[in-house]
1. May I ask you to verify whether Ala105 is under 21 Å from Asp85 (Cβ atoms) and in contact with a Phe, Trp or Tyr (Cβ under 8 Å, 6 or more places away or on another chain)?
2. Of everything in segment 240-264 that's in contact with a Ser or Thr (Cβ under 8 Å, 6 or more places away or on another chain) and surrounded by fewer than 18 Cβ atoms within 10 Å (Cβ to Cβ), which residue is nearest to Val283 (Cα to Cα)?
3. Which ones in segment 278-313 are touching a strand residue (DSSP E or B) at 6+ places or on another chain (Cβ under 8 Å) and part of a loop (DSSP other than H, G, I, E, B)?
4. Which one is surrounded by the most Cβ atoms within 10 Å (Cβ to Cβ), of the residues in segment 132-166 that are touching a strand residue (DSSP E or B) at 6+ places or on another chain (Cβ under 8 Å) and part of a helix (DSSP H, G or I)?
5. Please enumerate the residues belonging to segment 272-285 that are hydrophobic (A, V, I, L, M, F, W, C) and more than 29 Å from the chain's Cα centre (by Cα).
6. So, in segment 194-210, how many residues would count as being farther than 20 Å from Lys302 by Cβ and within 19 Å of the chain's Cα centre (by Cα)?
7. What about Asn280, is it surrounded by fewer than 12 Cβ atoms within 10 Å (Cβ to Cβ) and modelled with pLDDT of 95 or more?
8. Right, Gly160: in the same structural domain as Glu58 (by TED's automatic domain parsing) and at positive phi or not?
Amino acid sequence: MSRRTPRLFAAALAVGALLLGGCAEKTANDTPAAGGSGSAAAAFPVSVGRLTLEKRPEKIVSLSPSTTEMLFAIGAGKQVTAVDDQSNYPAEAPKSDLSGFQPNAEAIAAKAPDLVVLANDLNKIVDQLTTLKIPVLLTPAATTLDDTYQQLTDLGKLTGHPAEADAVTKKMKDDIAALTKDLPQRAKKLTYYHELGPELYSATSKTFIGSIYTLAGLENIADPADADGKSAGYPQLSQEVIVKANPDFVFLADTKCCKQTPETVKARSGWAGVTAVKNNQIVGLDDDVASRWGPRVVDLLKAIIDATAKVPA
């Protein structure tokens, strides 16, 4: 998928199909109880918000890559019968031609789902599916880690895997605590520029992505560019602004979509004097890991901390 404008980026974030590295070698089955058949104590009917399911869903359609990752992580993968065309992880996810950007009620209904999970109510798809008597759970793009934990909890409850969801959440919290426990105490924070695309769109500390860098103790050079909030946390910077800010690190979340590498950044006119360039502190991330709010956010945090830990305190 290609998306390199702020509107498309915001839309992509909302439906969980961003192309925004993970350095921990994990698979979906590395999470606790990922292969489980369901919590022994799970009972139906269950309710999340206004949605009530009378029995465990066995034909789930996920139209959000982040939600797809969550469902497999909590052991509900065998209940997932179709995922959207951007859900590429884990490899065994039953990818289809369904779109999260242009959801089609008839195409979704043709899969005969007993639960549909969406990240955005585009084209009023929730009303359309509700009219067709198809249960729908809306899981908006997370803005905090607590949002991620809540979505895991909700999905666990609705799919009959509450204990597995709790285990995944606990492991995420434990892993994050371990990663951030012994961060170097620096007199001055390291600064960074997170690149969403070669057009120099970035993400501020107010975004979910930015909050992960904050956990790593970094300072975001993009924050002043969206002080008024008009860019909704995703401002487009200029080369002049970036060069003047002189970030210690450049993190590339456009390695897959746009083929950006440390070499392409070093070749940019006027960037030779930037600290990140001079010190070879340009880090290529996995676009997908750097854009989703599921369990692999731990991998993103680890990639950031591993890269910055090499700089003496």
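The values are calculated or read from the model by the stated rules, or taken from the named source; none is laboratory data. All values derive from a computational prediction rather than experimental measurement. Cβ coordinates were reconstructed from backbone atoms using ideal geometry, including for glycine residues, and neighbour counts include every protein chain displayed.
1. Working: under 21 Å from Asp85 (Cβ atoms): yes; in contact with a Phe, Trp or Tyr (Cβ under 8 Å, 6 or more places away or on another chain): no.
Judged against the criteria, Ala105 is not a match.
2. In this case the residue turns out to be Thr261.
3. Gln281, Leu285, Ala290
4. It comes out as Thr159.
5. Correct list: Ala272 only.
6. 6
7. Spelling it out, Asn280 is indeed surrounded by fewer than 12 Cβ atoms within 10 Å (Cβ to Cβ) and modelled with pLDDT of 95 or more.
8. Here the answer is yes, as Gly160 does meet what is asked.
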